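Comments concern the structure below.
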Amino acid sequence: MNIILLGPPGAGKGTQAKKISEHFSLPHISTGDILRENISNNTSLGLRAKSYMSRGELVPDELLITIVKDRLSRKDCSGGFMLDGYPRTIPQADALQMILTESGKKIDAVLNISVDDEELIKRLSGRRMCKCGASYHVNFNPPKKEGVCDACKEKLYQRDDDKPDAIKNRLVVYKKQTQPLIDYYNRKKLLRTIDGSKEISQIFEEVKNVLEEYEKL
Ligand code: ADP
Ligand code: ADP
Ligand code: ZN
């Protein structure tokens, strides 16, 4: 099964992705995680991406398309994959379609996690991240020990782009550049919208119900 998680920043894509990845044994491909890893390793890609990310802008399409093409060609994607945070623009979605067609694959479903702006701002401003990709929330999803990742015991940090100015800009960028993908995938009859305002475990139950339909395909 090949799926895409779509939704505004803070909708809970990363949180659900971790659960989906474990339950359905799908590789979790987060372009945000890949970019952050490149920044912390000081690669040339990281250097190019850094200023866009800290301002809450999108990194240029050509860079993302190369990243995703490369990642999807790896062996662990042969039995299925889950994209989190890609595509974010129509050109990225068109490029994805080309990449998949070339290798005889297709997208089975696009899960659109929907949450209103007020809640997104609360979620993003309290988010704490771990290097391993886990994300927590100071109130809504705290780690067992304050400031420390449950999974790998690393110290949690706040992302630069989770500060107020960047959050505002990311929501504007989402509406302008990414929201059109909802219509794009709806027209392709791939869109499944999930109410992302509920609790993490309730959302996951709904996600499981939806994905079980595709698992048999
Ligand atoms: P995204 O990957 O879509 O940006 P995250 O999964 O990182 O979103 O979640 C954003 C923040 O909201 C994190 O702090 C996370 O712990 C919290 N969160 C995720 N899902 C929920 C939920 N259903 N209810 C409340 N908080 C949530
Ligand atoms: P969130 O879903 O919480 O907004 P991500 O971790 O997915 O955050 O992305 C963080 C930042 O990385 C984005 O604001 C953007 O600058 C960059 N980025 C990630 N994925 C893409 C993409 N597909 N296209 C362009 N920029 C991206
Ligand atoms: Zn961790």
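One table, with the values for the structure above:
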read-out: Qualifying positions in the stretch 181-200 - assigned to a helix (DSSP H, G or I) and either within 16 Å of ligand 3 (Cβ to nearest atom) or open to solvent by less than 70 Å² (accessible area, probe 1.4 Å) (or both); value: Leu181, Ile182, Tyr184, Tyr185, Ile200
read-out: Any hit, the stretch 151-160, residues being in a helix (DSSP H, G or I) and more than 16 Å from ligand 2 (Cβ to nearest atom); value: no
read-out: Residue pairs meeting the criteria (Cβ under 6 Å; at least 6 apart or on separate chains; first over 17 Å from Leu111 (Cα atoms), in the stretch 14-39; second open to solvent by 30 Å² or more (accessible area, probe 1.4 Å)); value: Asn38/Leu45; Ile39/Lys50
read-out: Verdict on Glu206 being away from ligand 2 (no atom under 13 Å from the Cβ) and either open to solvent by less than 30 Å² (accessible area, probe 1.4 Å) or touching a Phe, Trp or Tyr at 6+ places or on another chain (Cβ under 7 Å) (or both); value: no
read-out: Unmet criterion (only one of (1) under 21 Å from Gly7 (Cβ atoms); (2) open to solvent by less than 60 Å² (accessible area, probe 1.4 Å); (3) in a helix (DSSP H, G or I)) for Gly46; value: (1)
read-out: Evaluation of Pro60 against (1) in contact (Cβ under 8 Å) with a residue 40 or more places away in the chain; (2) within 12 Å of ligand 2 (Cβ to nearest atom) (one fails), failing number; value: (1)
read-out: Of all residues making up the stretch 124-138, the number that are within 16 Å of the chain's Cα centre (by Cα) and of a type outside the set (Lys, Arg); value: 8
read-out: Criterion: open to solvent by 80 Å² or more (accessible area, probe 1.4 Å) and either closer than 24 Å to Thr193 by Cα or within 15 Å of ligand 2 (Cβ to nearest atom) (or both) - qualifying residue of Glu118, Glu146, Glu102; value: Glu118
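The values are calculated or read from the model by the stated rules, or taken from the named source; none is laboratory data. As the structure is a computational prediction, the values presented were derived from the model and not from experiment. Note: ideal-geometry Cβ built from the backbone for every residue, glycine included; neighbour counts use all protein chains shown. When the accessible area is computed, the model is the full protein with side chains, heavy atoms only, and any ligands, DNA or RNA have been set aside. Shrake-Rupley method; radii C 1.70, N 1.55, O 1.52, S 1.80 Å.
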